[in-house]
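What follows is one structure encoded as structure tokens, with my remarks underneath.
The values are calculated or read from the model by the stated rules, or taken from the named source; none is laboratory data. Computed from a predicted model, the values in this text were never measured in an experiment. No Cβ is skipped: glycine too gets one built from the backbone with ideal geometry, and neighbour counts run over all protein chains shown. When the accessible area is computed, the model is the full protein with side chains, heavy atoms only, and any ligands, DNA or RNA have been set aside. Shrake-Rupley method; radii C 1.70, N 1.55, O 1.52, S 1.80 Å.
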Amino acid sequence: MINGSTTVYAILGTPLFRVRAPALYNCFFDRVGADAVFVPLTIGQDYSSFVRQLFKVENVAGAIVTLPHKRTIEVLDQLSPTARVAQACNVIVKRADGRLYGDIVDGIGFALGLKRAGFEFGNARCLLVGSGGAGAAIAAAVVPEGISYLGVSSRNAESAAGLVGRLRDFASRPAVRIEVASNDPGGYDLVINATPLGMNATDPLPIDVARLTPGTMVADIVMGDVTPLLRAAAARGCRTQPGTQMLIAQAPAVLKLWGFGEVTPEDIRQLTDALGWAPSRRIRFKNGVHRNTGRIAMRPQASDTELEI
């Protein structure tokens, strides 16, 4: 129950109608008995000034940052090495002295989720579509995993070239080739949509799915177990990885940054089961249509909340 000493965490961005983070983190706080609450704060304009004022509130301790503000890092006092490479932040921590520390863990969650799904990074050819904050973090996470090639595609050529340059400086393995590429997905082992395309029903697909090779792993950072891209990719015989798995896999890193100690991905999956989220198994399709595997029964202590997918 919220009281006068409750610590507040938030997700900052717009639009927030699809986000699942509030349900997940509030379920965690309830499960561990933390006097804390997680709230969505829809903010478009004047983000920097808003953040400065928000963190002057004594019991506001941290936040998750999402579109379109991940690249607004000048408001932060300190950045992690990964956030400096990505030039983006998706987690804010308020230090004891009031300074704001920024990190980005999208990539950590993404790589862990793919490993759990059985994808092998060794010598893989990877295509990243989108060079924004989440895409940059994912690139910084997959480059050290043993891939042989990373192509970065973006509608913003300057952004793509800048990310490629920072990744080349960051890479500890000279064997990996990193360059600006087109969004043609043909010939890749892993294709990643790190753009917002798919959030709206009328969005075009970020790639030409007809060029996908059956068996390619196609991953989408857009929240939801079945996005238009994943549906189309599965119909082509590709393996798929939804953005929800990135959220689940990165939650332990977020909670550790916020001072909640070691939390495992399996701990988080217990929470998602309690929330009734779709089972974390490979999506199954029949004739290109998702076959619903059914909701997991809610546990008695879980809040009966309908979640946006």
(message) Among the listed residues 173, 168, 177, 155, identify the single one that is of a type in the set (Lys, Arg) and either modelled with pLDDT of 95 or more or under 14 Å from residue 110 (Cβ atoms) (or both).
(response) 177
(message) Yes or no: segment 35-48 includes at least one residue that is open to solvent by 20 Å² or more (accessible area, probe 1.4 Å), in contact with a Phe, Trp or Tyr (Cβ under 8 Å, 6 or more places away or on another chain), in contact (Cβ under 8 Å) with a residue 12 or more places away in the chain and assigned to a helix (DSSP H, G or I).
(response) no
(request) Give, as residue ranges, the strands (runs of 3 or more DSSP E) completely inside segment 99-158 that count at least 3 residues that are open to solvent by less than 10 Å² (accessible area, probe 1.4 Å) and either without any contact (Cβ under 8 Å) to a residue 24 or more places away in the chain or not hydroxyl-bearing (Ser, Thr, Tyr) (or both). (result) 125-129, 149-153
(message) Restricting to segment 1-25, count the residues that are aromatic (Phe, Trp, Tyr) and more than 14 Å from residue 90 (Cβ to Cβ).
(response) 1
(request) Provide a single number: the residues in segment 1-34 that are open to solvent by less than 40 Å² (accessible area, probe 1.4 Å) and without any contact (Cβ under 8 Å) to a residue 12 or more places away in the chain. (result) 1
(message) modelled with pLDDT under 95 and open to solvent by 50 Å² or more (accessible area, probe 1.4 Å): which single residue out of 71, 52 fits that description?
(response) 71
(message) Tally up the residues in segment 181-200 that are under 19 Å from residue 160 (Cα atoms) and open to solvent by 50 Å² or more (accessible area, probe 1.4 Å), please.
(response) 4
(message) Checking the conditions here, which among 244, 216 is among the polar types (S, T, N, Q), crowded, with 18+ Cβ neighbours inside 10 Å and at pLDDT 90 or above?
(response) 216
(request) Take segment 249-271 and flag every residue that is closer than 18 Å to residue 34 by Cα and assigned to a helix (DSSP H, G or I). (result) 251, 252, 253, 254, 255, 256, 257, 267, 268, 270, 271
(message) Against the condition under 21 Å from residue 6 (Cβ atoms), at pLDDT 95 or above and in contact with a Lys or Arg (Cβ under 8 Å, 6 or more places away or on another chain), how does residue 100 come out, does it pass?
(response) yes
(request) Would you point out which residue out of 37, 75, 57, 85 is more than 24 Å from residue 262 (Cα to Cα) and touching a Ser or Thr at 6+ places or on another chain (Cβ under 8 Å)? (result) 75
(message) Name the residue that is surrounded by the fewest Cβ atoms within 10 Å (Cβ to Cβ), counting only residues in segment 57-68 that are in contact (Cβ under 8 Å) with a residue 12 or more places away in the chain and part of a loop (DSSP other than H, G, I, E, B).
(response) 57
